[in-house]
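Single-structure report; data block below.
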Amino acid sequence: MTKTARVYGGSLYDLAAEEKLDGQIMEQMIAIRHIFRENPGYLKLLGEPAIPEDERLKMIEEAFGGQAERYLVNFLKLLCERKILREFAGCCEEFIRRYNSAHGIAEAVVTSAVKLSDTQMEALKAKLEKLSGKKVYLVQKTDASVLGGLRVELEGVQLDGTVQSRISGISKKLKELDSGFENRTVWVFDIWI
């Protein structure tokens, strides 16, 4: 995330929180970010210098004016005017980070080889909430290289319960044991009675 995204996203959060619209604007920002990700050509079009600025602003108004909170529509227009609309995703991240911090919510990213069921996600969420003392919002990712188990990142701390991690841990312990005996003389006595 860039400094620009932090400043702009944080400023929008401050305004939204003051107006008690932070939850509503956050949901709308996430939806718009999703639209931009699914339609990268649209975002590129809104940043195209060959299209006059007033036409690009009109496109934003037509697309989001009737559906999104006025502060958010004006925010998109401001980013467009300043030619930094590409920073919207980062602004969204900062907004969400500030919202979560203010509301005692911790975001956790859980990575597994296969998609977890709703029941598994709820059980994991309950354990993480108990562990952190905060409400937890789970983001699920799949990674085929995860042999088994889960890897969870919660507030900058990585909890690695994957098979790969366990094998690495055992390997490390064996190496430590092996290196501990290198410089020692070992005497073996057989005592016969």
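Residues of the chain: accessible area per residue at 1.4 Å, in Å²? Don't skip to the answer; put the middle values down first.
On the way: 12950 Å² over 193 residues.
Solvent-accessible surface per residue comes out at 67 Å².
Hey, can you rank 107-115, 17-25 by average C-beta count inside 10 Å, highest first? Provide the component values of the computation, followed by the final result.
Numbers: 107-115: 16.3, 17-25: 14.6.
Highest to lowest by the protection proxy: 107-115, 17-25.
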Between helix 118-132 and the chain: long-axis angle, C-alpha atoms, 0 to 90°, nearest 10
80 degrees
Of all accessible heavy-atom area on the chain, the percent that carbon and sulfur account for (1.4 Å):
54 percent
Cα-Cα longer than 30 Å, checked against K141/K172; K58/K115; K130/K175, kept in input order, equals K58/K115; K130/K175
Counting just the Cα atoms, what span does the chain cover along each of its three principal axes? Round to the nearest Å and put the largest first.
101, 37, 29
If I fit a long axis through the Cα atoms of helix 70-81 and take the longest principal axis of the Cα atoms of the chain, what angle between them do I get, 0 to 90°, rounded to 10?
90 degrees
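The values are calculated or read from the model by the stated rules, or taken from the named source; none is laboratory data. Owing to the predicted nature of the structure, the values given are computational and were not obtained by experimental measurement. Here Cβ is always computed from backbone atoms with ideal geometry, including for glycine, and neighbour counts include all displayed protein chains. We work out accessible area using only protein heavy atoms, side chains counted, and drop any ligands, DNA or RNA first. Shrake-Rupley method; radii C 1.70, N 1.55, O 1.52, S 1.80 Å.
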